[in-house]
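**Q** Got a structure here, written out as structure tokens. Questions coming.
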Amino acid sequence: MKKKILTLTVLCLTAISMFGCGKKGDTTEELPTTEATTEEVTEDPHEGLSYNELTGEWSADFVSKRPVAVMINNLKEALPSSSTKKADIIYECMVEGGITRIMPIFSDYEALEKIGSVRSARHYYIYIANEYDAIYVHYGQSKPAKEILDKKVIDNVNGLTYDAGFYRDNDRVAPHNAYTTGERIVKGIDDFGYSSDYDDTHEKVLSFNEEDTDLENGTTAETIHVNFSNYSKPYFIYNADTKLYDRYEYDAPQIDDQEDENNNVLTFKNVIIQISSYECINPENDLQELTQVGDGQGYYCTNGKSIPITWKKEAKKAKTKYYLEDGSELLLNPGKTWISIIGNGDDAGVAFE
């Protein structure tokens with residue numbers, strides 16, 4: 001941090017008694033020495049920069065606005081996905097049949113040429129998107145999700161009711177061929193009259209360190225195994241050269257088909273594993289309910305290390321907060337974050353190598 005030193009010099013002169021030079025009893029006062037005082041002035045290292053609250057990073061060209069959260073397919077036959085590497089945060093939760101769906105959150109999306117494939121909403125994802133005051137983009141919805149959407153709980157762009165926001169890719173088979181673009185999302189936001197700006201009550205979800213910081217007393221986490229079910233067992237491998245985690249799905253790197261093949265693997269500075277519980281609420285189609293309100297355990301991983309954490313959410317409309325074991329708020333390292341919300345069943349769990 002740069003500092004400027006300002007020196008203030010004060011000179012004080014006193015009169016000298018002149019009653020008989022050299023005579024006995026005369027007194028002469030010493031001239032005071034020059035006094036110097038210093039005052040420290042701190043220069044703002046972020047002057048002229050804007051803060052991205054999704055990544056904790058500062059940038060000259062970043063524009064703060066409401067992000068968009070998009071429901072993305074994560075089935076093996078639907079991969080690779082498109083534009084997921086551009087996301088600031090990605091959430092992964094379990095849905096029916098032990099599969100997962102992901103929800104990338106984008107702060108900068110206007111120029112994205114292909115996003116998807118886009119799938120239908122699940123009700124607990126709506127509440128996650130709302131934590132970030134995001135505009136929710138999806139194609140269809142489950143019955144519980146529709147009940148919430150009908151109540152106007154969240155600003156959303158839905159492919160079932162807004163054809164202009166989406167298109168079908170003929171190179172894929174339905175239902176894995178619905179896509180959108182940044183331009184189409186912007187049009188939807190304009191057509192529905194949604195505000196792109198945060199309102200005065202907005203509060204951020206995540207908190208970040210000022211600089212990259214290694215975990216103290218962390219355990220080795222160079223490979224992170226995240227089991228949702230017998231079907232879905234993704235993992236992350238730490239790259240010491242980039243200081244990022246590479247994401248793997250179905251025993252292969254998870255890639256973005258819109259990126260150059262030399263830099264298309266999804267990578268993250270932070271990985272959070274939040275342990276909660278899932279419950280089947282419709283046996284006919286294995287529709288799930290995720291416990292979101294309450295508190296629980298989890299893990300935070302960065303720079304090849306892991307520490308235990310806790311999480312807490314006081315109400316459905318509240319924000320999830322993460323804490324260290326001593327009760328202080330978790331500070332993430334600046335960069336992109338993946339958040340996996342797993343259950344506590346026999347087939348779920350996390351392991352580190």
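The values are calculated or read from the model by the stated rules, or taken from the named source; none is laboratory data. Since this is a predicted model, take the numbers as computed values, not measurements. Cβ atoms come from the backbone with ideal geometry, glycine included; neighbour counts cover every protein chain shown.
**Q** Is it fair to say Ile255 is hydrophobic (A, V, I, L, M, F, W, C), surrounded by fewer than 19 Cβ atoms within 10 Å (Cβ to Cβ) and more than 16 Å from the chain's Cα centre (by Cα)?
**A** Values: hydrophobic (A, V, I, L, M, F, W, C): yes; surrounded by fewer than 19 Cβ atoms within 10 Å (Cβ to Cβ): no; more than 16 Å from the chain's Cα centre (by Cα): yes.
In short, no.
**Q** Can you confirm whether Asp286 is under 25 Å from Lys85 (Cα atoms) and either at pLDDT 95 or above or of a type in the set (Ser, Thr, Tyr) (or both)?
**A** Numbers: under 25 Å from Lys85 (Cα atoms): no; either at pLDDT 95 or above or of a type in the set (Ser, Thr, Tyr) (or both): yes.
Against the criterion (under 25 Å from Lys85 (Cα atoms) and either at pLDDT 95 or above or of a type in the set (Ser, Thr, Tyr) (or both)), Asp286 does not qualify.
**Q** Ok, one more. Of the residues Val63, Val118, Val95, which single one is in contact with a Lys or Arg (Cβ under 6 Å, 6 or more places away or on another chain) and either touching a residue at least 40 places away in the same chain (Cβ under 8 Å) or surrounded by fewer than 19 Cβ atoms within 10 Å (Cβ to Cβ) (or both)? Step through it out loud before you land on a result.
**A** Details: Val63 fails: in contact with a Lys or Arg (Cβ under 6 Å, 6 or more places away or on another chain); Val118 fails: in contact with a Lys or Arg (Cβ under 6 Å, 6 or more places away or on another chain).
Result of the check over Val63, Val118, Val95: Val95.
**Q** Same structure, new question: Give the residue, chosen from Asp241, Asp212, that is farther than 20 Å from Lys85 by Cα and loosely packed, with under 15 Cβ neighbours inside 10 Å. Explain how you work it out, then say what you get.
**A** Numbers: Asp241 fails: farther than 20 Å from Lys85 by Cα.
Unique residue meeting the criteria: Asp212.
**Q** Moving to a separate point now. Take the residues of the range 285-301 that are part of a loop (DSSP other than H, G, I, E, B) and closer than 18 Å to Glu92 by Cβ: which is nearest to the chain's Cα centre (by Cα)?
**A** Start the filter on the range 285-301 by keeping residues that are part of a loop (DSSP other than H, G, I, E, B), which leaves 285-286, 291-293.
With closer than 18 Å to Glu92 by Cβ added as a condition, the list becomes 286, 291-292.
Working: Asp286: 29, Thr291: 21, Gln292: 18 Å.
Per the stated criteria, the residue is Gln292.
**Q** Does Ser196 count as at pLDDT 95 or above and over 21 Å from the mean Cα position of the chain (by Cα)? Show your work before the answer.
**A** Values: at pLDDT 95 or above: yes; over 21 Å from the mean Cα position of the chain (by Cα): no.
Taking the combined requirement at face value, the residue does not satisfy it.
**Q** Give the residues of the range 258-280 that are within 25 Å of Arg122 (Cα to Cα), in contact with a Ser or Thr (Cβ under 6 Å, 6 or more places away or on another chain) and surrounded by fewer than 20 Cβ atoms within 10 Å (Cβ to Cβ), sorted by residue number.
**A** Ser277
**Q** Can you confirm whether the range 134-144 contains a residue that is in the same structural domain as Lys321 (by TED's automatic domain parsing), farther than 23 Å from Ile341 by Cβ and not in a loop (DSSP other than H, G, I, E, B)?
**A** Filtering the range 134-144 for residues in the same structural domain as Lys321 (by TED's automatic domain parsing) gives 134-144.
Retained after the next criterion (residues that are farther than 23 Å from Ile341 by Cβ): none.
No - not one qualifying residue is present in the range 134-144.
**Q** Please verify whether Asn285 is touching a helix residue (DSSP H, G or I) at 6+ places or on another chain (Cβ under 8 Å), of a type in the set (S, T, N, Q) and surrounded by fewer than 16 Cβ atoms within 10 Å (Cβ to Cβ), treating the condition exactly as stated.
**A** yes
**Q** When only residues in the range 312-330 that are within 16 Å of Asp133 (Cα to Cα) and of a type in the set (A, V, I, L, M) count, which is surrounded by the most Cβ atoms within 10 Å (Cβ to Cβ)?
**A** Ala318
Every residue, every condition in (1) more than 22 Å from Phe192 (Cβ to Cβ); (2) in contact with an Asp or Glu (Cβ under 7 Å, 6 or more places away or on another chain); (3) not assigned by TED's automatic domain parsing to the domain that holds His202; (4) not in a helix (DSSP H, G or I), yes or no:
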residue	(1), (2), (3), (4)
Lys85	yes, yes, no, no
Ile90	yes, no, no, yes
Asp108	no, no, no, yes
Tyr125	no, no, no, no
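**Q** Out of Glu53, Glu57, report the one residue that is in contact with a Lys or Arg (Cβ under 7 Å, 6 or more places away or on another chain), at pLDDT 95 or above and surrounded by 10 or more Cβ atoms within 10 Å (Cβ to Cβ).
**A** Working: Glu57 fails: in contact with a Lys or Arg (Cβ under 7 Å, 6 or more places away or on another chain).
Exactly one residue qualifies, and that residue is Glu53.
**Q** Next up: Within the range 98-108, how many residues turn out to be surrounded by 24 or more Cβ atoms within 10 Å (Cβ to Cβ) and more than 13 Å from the chain's Cα centre (by Cα)?
**A** So the answer is 1.
**Q** With (1) part of a loop (DSSP other than H, G, I, E, B); (2) under 20 Å from the mean Cα position of the chain (by Cα) as the list, and Leu160 as the residue in question, which single condition is left unmet?
**A** It is condition (2) that Leu160 fails.
**Q** Being within 22 Å of Glu353 (Cα to Cα), out of contact with any strand residue (DSSP E or B) (no Cβ under 8 Å at 6 or more places or on another chain) and either modelled with pLDDT of 95 or more or not acidic (Asp, Glu) (or both) is the requirement here; does Ala221 meet it?
**A** In short, no.
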